[in-house]
Amino acid sequence: MDLPKKSNLDQKPLNNPGHSEQGEESRLPKATASRFARSFTKFRMTRVVLIFLGFLLLLSALGAIAGFTLKSPVKVALGSATKLTTDFQNKDLVTAKQTLETLKADIETLEGKYKIIAWTKVIPFLGGYTKDGQSAIIASKSLVNAIDLTIIALEPYSDLLGFKSDTESVLEKPEAESIENRIVFMAGTLDKISPELEGITKELAKAGEELSSINPKRYPKKIAGKEIRGKLISIQTTLDESVQLFTQAKPLIKLLPTLLGNPDSKTYLLLFQNDAELRATGGFLTAYAYLDMNQGKMVPGNSYDIYNLDARWHSNLKAPDPIKKYLNESMWNLRNINLSPDFKVSMDQFLEIYRDIPGTRQIDGIIAIDTSVPVKLLDIIGPIGVGGWGNFSSEIDPRCDCPQVVYALEEIADRPTYEIRLDRKAVLGPLMHSLMANAMGSPKHMWPKLLNSL
């Protein structure tokens, strides 16, 4: 019996890779892998985008939480700080101390609220601002400490400086009742505020160090029309300048009692500069006098014409070119020695010559004044009379459209008349003596103005 032949369909073609089972099986997995890869990539990108968006939302949420958490305490603290500024402007230390205590409590509250979000400093981008806020709070606490020490330092001299205070002033004590003894007592107590100055400087330096860690460039110039970056830079600059000011003031405060003749008396050469004649240090050296200072008591002596010193010096110094050109003088006289605009340089030259002139007193320093000093003092104490020389005031004289005291001094020194005594510059000594006496005897409400005028 014949067996049925196999159909062509049942036969597998040999050596035909295009139709092999292996080829069919390999084609399907490749397509599936490609689709899977595309899907996975799309999923991965979507996931990254979603994570990024979620991160942004988280940052926004954290920023909103931080803003909501800190908005109220920041506003309260700023309000107290503003009021404290007003208290100082009003020179009211009584209210300032109360406001300062409130501000301390406000900053403590703010610091407590800030700790709630302090963990955000580890978050990229947001963390930098969190750290800045922390630095600002630390700086604020140091500034408050500095203000506290400043009040402690000011209170003993509050009435002299024009501040209202509930603490007894050193000038209210029995030993400071007399007019002259007010300054005497102050000269003997100024050294007591040195510890406060040291503490103020340290606290300001600490605040400056914290604020210097904040980069203003990270902040926009303005937000809602309000200056941000510029204000931050201004605060940093002002704080740096304040540190320098207190650092420079410390040695001066320590030296001030010595300058006031405590414990050893001092003698100063008082040089009068006529600012109507231009010179590098502020005016022509027209006259001189001696000022004795003994434990705060000031005693101005007689005044003399500067030409008297030149006559005793017999200069043999050749005049510099500017003197030759503009004054037509071949010799360099003491009256023209203030050629350098650096006051110390000019006075060092003056002192070197002065010490070689016979008949001069030994001095501990040089003080130069011009016509603005009597004008400012007369503005405060009012017109005065000087025996043998007439009356002087700061009222405008229509003859020169300048203060009457300026016109009178110029007239006495320059007007050719036999009615004026030969030693015309002698008026300056009695004038300064009268000014000092009236200033020292002025009522208490004038003290701050007198202090500010010097």
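Throughout, read-outs are computed from the coordinates displayed, never taken from laboratory work. Just so it is clear, the structure is predicted and the values come from calculations on it, not from any experiment. So basically every Cβ, Gly included, is an ideal-geometry build from the backbone, and we count neighbours across all protein chains shown.
Computed from backbone phi, the HN-Hα couplings of segment 159-167 come to 5, 5, 8, x, 9, 7, 9, 9, 9 Hz, rounded to whole numbers (Karplus: 6.51 cos²θ - 1.76 cosθ + 1.60, θ = phi - 60°; Gly and Pro given as x).
Give me D for segment 263-363 in µm² s⁻¹, whole number, from Stokes-Einstein with Rh from the Kirkwood sum over alpha-carbon pairs, 37 °C and 0.692 mPa s. After rounding, the answer is 227 µm²/s. Taking 17 Å as the straight-line reach from the Cα of Lys449, the lysines in range (excluding those fewer than 8 positions away in the same chain) are Lys91, Lys164, Lys376. Report note on the peptides 379-391, 76-88, 216-228: ranked by the mean count of other C-beta atoms within 10 Å, highest first, their order is 76-88, 379-391, 216-228.
Here is the size of segment 266-453 from its Cα atoms: Rg then Dmax, 17.1, 53 Å.
Over all pairs of different C-alpha atoms, segment 86-146 has a mean inverse distance whose reciprocal, the Kirkwood radius, equals 13.0 Å.
Solvent-free Debye calculation, one equal scatterer per alpha-carbon of segment 183-338: log10 I(q)/I(0) at 0.11, 0.12, 0.13, 0.15 Å⁻¹ equals -0.78, -0.82, -0.86, -0.91. Here the relative contact order of segment 211-276, from alpha carbon pairs under 8 Å that lie six or more residues apart, stands at 16 percent. When the square roots of the Cα gyration tensor eigenvalues are ordered a ≥ b ≥ c, the ratio a/c for segment 292-338 is 1.5 or more and a/b exceeds b/c, which makes its shape prolate.
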